[in-house]
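Chemist: Quick one: structure below, then a few questions.
Taken together, the values in this text are just the output of simple stated rules run on the coordinates, not laboratory data. For clarity, every value in this text was computed on a predicted model and none was experimentally measured. So basically every Cβ, Gly included, is an ideal-geometry build from the backbone, and we count neighbours across all protein chains shown.
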Amino acid sequence: MEKTKIVRALSPAYAGREGELTAVLQYVYQAVMLEGCGRAEEAKIILKIAVEEMRHLEKLASILVSLGVPPVFTACPPYPVAYYSAANVDYVKPLPQMLEADIRAEKGAIAGYKRILRVVSDEKICAAIKEILADEERHLAAFETLLASLSAPPRKGPPA
């Protein structure tokens, strides 16, 4: 029974509409778009976050495998239904709207991981989820900082 409960709790975070797979794809998309329009600094930050999201995806997949469930990209493994769709990615283009979408996504991820911690009692799995949760909180802060920097007045250089 505990195994089924854990799989049901983890699956949306793994490959659900607002899960890690969506975050990876969305952030890689954004980094490539930003790099292409001369926003290399922002692209680098977002790509770094995408790589961390990939690690979360791998960590969740490893947990599923340890529970005897193949890490199929579906919101309800091991059943071959509701396969992941790239339509879950927010393809918005202007940078402020990208960051707003990312902030919403990170807030959703944080809420989701907190729900998982309320449902799952396995200490090893909870430790992994707490690590992911801490990363998501850092990602949220990074996106909020990036968004705030867009509306900040330009910095003046040192006096001549």
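Chemist: Can you give me the angle between helix 20-36 and the longest principal axis of the chain, using Cα atoms only, in degrees from 0 to 90, rounded to the nearest 10?
Modeler: Its long axis makes an angle of about 20 degrees.
Chemist: Also, I was wondering about something else. Using the Karplus equation 6.51 cos²θ - 1.76 cosθ + 1.60 (θ = phi - 60°), what ³J(HN,Hα) coupling, rounded to whole Hz, does each residue of segment 142-151 give in order, writing x for Gly and Pro?
Modeler: 5, 5, 5, 5, 4, 5, 4, 5, 5, 9
Chemist: May I ask for the longest run of the chain untouched by trypsin sites (Lys or Arg not before Pro) that are loop-located per DSSP and have at most 15 neighbouring C-beta atoms (other than their own) within 10 Å?
Modeler: 18-154
Chemist: Another one. Kindly write out, for segment 98-112 in residue order, the coupling ³J(HN,Hα) from the Karplus curve 6.51 cos²θ - 1.76 cosθ + 1.60 (θ = phi - 60°), rounded to whole Hz, with x marking Gly and Pro.
Modeler: 4, 5, 5, 5, 5, 5, 4, 5, 5, 4, x, 5, 4, 4, x
Chemist: Working from Cα positions, state the angle (0 to 90°, nearest 10) between the long axis of helix 2-15 and the longest principal axis of the chain.
Modeler: It is inclined by approximately 30 degrees.
Chemist: Grab the DSSP H runs of the chain that are 4 residues or longer, score each as -39,500 (n - 2.57), total them, divide by all residues and round the 222 nm result to the nearest 500 deg cm²/dmol.
Modeler: Theoretical 222 nm ellipticity from helices: -24500 deg cm²/dmol.
Chemist: Based on Cβ point charges of +1 for Lys and Arg and -1 for Asp and Glu, what charge dipole magnitude is obtained for the chain about its Cα centre, in debye rounded to the nearest 20?
Modeler: For this selection, approximately 200 debye.
Chemist: At a Förster radius of 22 Å, what calculated FRET efficiency corresponds to the Cβ-Cβ distance of residue 122 and residue 58, to the nearest 0.05?
Modeler: It comes to 0.75.
Chemist: Net charge near residue 71, counting Lys/Arg +1 and Asp/Glu -1 over other residues with Cβ under 12 Å of its Cβ?
Modeler: Residues near residue 71 contribute -1 overall.
Chemist: Cα-based count: Lys pairs in segment 2-150 below 27 Å, eight or more positions apart or different chains?
Modeler: For segment 2-150, the number of qualifying lysine pairs is 29.
Chemist: Among 122, 135, 102, determine the one that fluctuates most according to a GNM of the chain built with springs between C-alpha atoms less than 10 Å apart.
Modeler: Comparing 122, 135, 102 in a Gaussian network model of the chain, the most mobile one is 122.
Chemist: Normalising by the residue count of the chain, find the relative contact order in percent from Cα pairs under 8 Å and 6+ residues apart.
Modeler: Contact order relative to length: 26 percent.
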